[in-house]
Number of protein chains: 2
Amino acid sequence: MASTGDPEYKSSSTPAPASSVGVDHSKFDLILRFLLFAASVASVVVMVTGNQTVYLPVPRPAKFRYSPAFVYFVAAFSVAGLYSIITTFISLSAIRKPNLKTKLLLHLIFWDAVMLGILASATGTAGSVAYLGLKGNKHTDWHKICHIYDKFCRHIGASVGVGLFGSIVTLLLIWISAHSIHSRVPK
Amino acid sequence: MASTGDPEYKSSSTPAPASSVGVDHSKFDLILRFLLFAASVASVVVMVTGNQTVYLPVPRPAKFRYSPAFVYFVAAFSVAGLYSIITTFISLSAIRKPNLKTKLLLHLIFWDAVMLGILASATGTAGSVAYLGLKGNKHTDWHKICHIYDKFCRHIGASVGVGLFGSIVTLLLIWISAHSIHSRVPK
């Protein structure tokens with residue numbers, strides 16, 4: 001980071017710290033993007049593999065694609081998985097080109113914030129349908145189904161949980177990028 | 001903004017533009033925070049006033065608090081309304097104390113990102129239950145209710161729509177704060 005070509009900036013009476021070109025969170029950023037990738041893949045795989053058929057005695061299957069909420073969830077986290085791969089490469093290129101780094105960090109905040117909105121809404125959407133499946137709603141006569149589709153509901157629940165984790169990772173990504181940019185502003 | 005006491009910073013061969021202490025988005029920030037306040041109040045009021053009782057012939061009321069999803073939505077947007085008032089004052093104080101501005105912008109990004117997560121998930125949560133009320137789900141025998149509770153569903157739909165608008169405003173707030181901080185980094 002010392003060879004950025006940026007001039008040393010000393011503004012006030014306190015000596016400039018070693019981090020005068022900014023705190024470097026690149027490693028955390030890469031770790032979090034890998035975690036987001038892992039969480040996205042896990043949540044999609046767990047939800048897609050949750051299909052279950054019960055015989056009452058007629059075979060009645062439960063599939064994630066029967067609910068638009070779960071379809072949206074799978075679509076959102078598939079996009080998040082792809083997004084985390086692309087931004088990992090962008091993040092790596094930012095390490096190699098420090099003079100572009102601030103610009104890239106700004107773009108990463110922009111898109112990370114969009115992803116946070118998508119992932120949080122997808123988690124909420126799937127979570128509320130999962131809750132209805134678990135508890136039902138007597139006011140609307142929507143009966144619970146999780147005592148019948150036990151495996152399906154376990155998968156949905158785990159998937160939503162991992163999705164929540166992925167949303168929090170995206171939040172941390174925004175925090176880290178914002179802090180990186182902030183540390184480059186002269187005091 | 002000219003009386004910040006910061007030394008003029010001229011780093012490269014190109015002349016420093018007039019905005020060498022950063023682009024000032026304070027006005028947009030305040031406008032957006034007011035929009036977030038208006039959207040929060042509107043979505044809460046519209047949802048809370050949607051209660052409807054139909055006689056089939058037994059009286060059967062529909063209230064937002066019968067669904068945990070709508071309760072979460074009302075709670076989240078009540079918090080957002082309060083949050084927008086508090087951060088409006090923080091944003092105003094940042095205009096008066098320009099030397100603290102970058103620090104305040106960083107804190108605003110942190111909390112705006114948290115609010116974005118909460119509001120997006122609340123919108124998704126309420127939206128998916130509203131969709132179930134509108135369309136039902138034949139796979140789980142959850143019948144639609146919106147052909148009976150027409151006024152209730154109109155209120156819920158409008159409230160979720162305004163909530164989506166509020167979430168997008170929060171996204172814009174993050175973008176603006178990030179861009180403000182970025183513009184203060186010396187090129």
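Only the coordinates and a few stated rules stand behind these numbers; no lab work does. The structure displayed is predicted, hence computed values, not measured ones. Methodologically, a virtual Cβ is constructed for each residue, glycine included, from the backbone with ideal geometry; neighbour enumeration extends over all protein chains shown.
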**OP:** Run down A:Ser43, A:Ser128, A:Ser84, A:Ser67 and say which single residue is buried (at least 24 other Cβ atoms within 10 Å of the Cβ) and touching a strand residue (DSSP E or B) at 6+ places or on another chain (Cβ under 8 Å).
**Re:** A:Ser67
Subject >> Long-range neighbours under 9 Å by Cβ, at least six apart or interchain, first residue free of Cβ contacts under 8 Å to residues at least 40 places away in the same chain within the stretch A:162-182, second surrounded by fewer than 20 Cβ atoms within 10 Å (Cβ to Cβ) and among the aromatic types (Phe, Trp, Tyr) >> reply: A:Trp175/B:Phe110
Original post:
How many residues, within the stretch A:106-116, are within 8 Å of another protein chain (Cβ to nearest Cβ) and either in contact (Cβ under 8 Å) with a residue 12 or more places away in the chain or touching a Gly at 6+ places or on another chain (Cβ under 8 Å) (or both)?
Top reply: 4
Original post:
With respect to A:Phe73, is the statement that it is of a type in the set (Phe, Trp, Tyr), at the interface with chain B (Cβ under 10 Å from one of its Cβ atoms), touching a Gly at 6+ places or on another chain (Cβ under 8 Å) and in a helix (DSSP H, G or I) true?
Top reply: yes
Original post:
For the stretch B:127-161, which residues satisfy the criterion of being among the charged types (D, E, K, R), touching a residue at least 12 places away in the same chain (Cβ under 8 Å) and part of a loop (DSSP other than H, G, I, E, B)?
Top reply: B:Lys144
Subject >> Scan of the stretch B:46-64 for residues that are surrounded by 14 or more Cβ atoms within 10 Å (Cβ to Cβ) and either assigned to a strand (DSSP E or B) or not hydrophobic (A, V, I, L, M, F, W, C) (or both), ordered by number >> reply: B:Gly50, B:Asn51, B:Gln52, B:Val54, B:Arg60, B:Ala62, B:Lys63
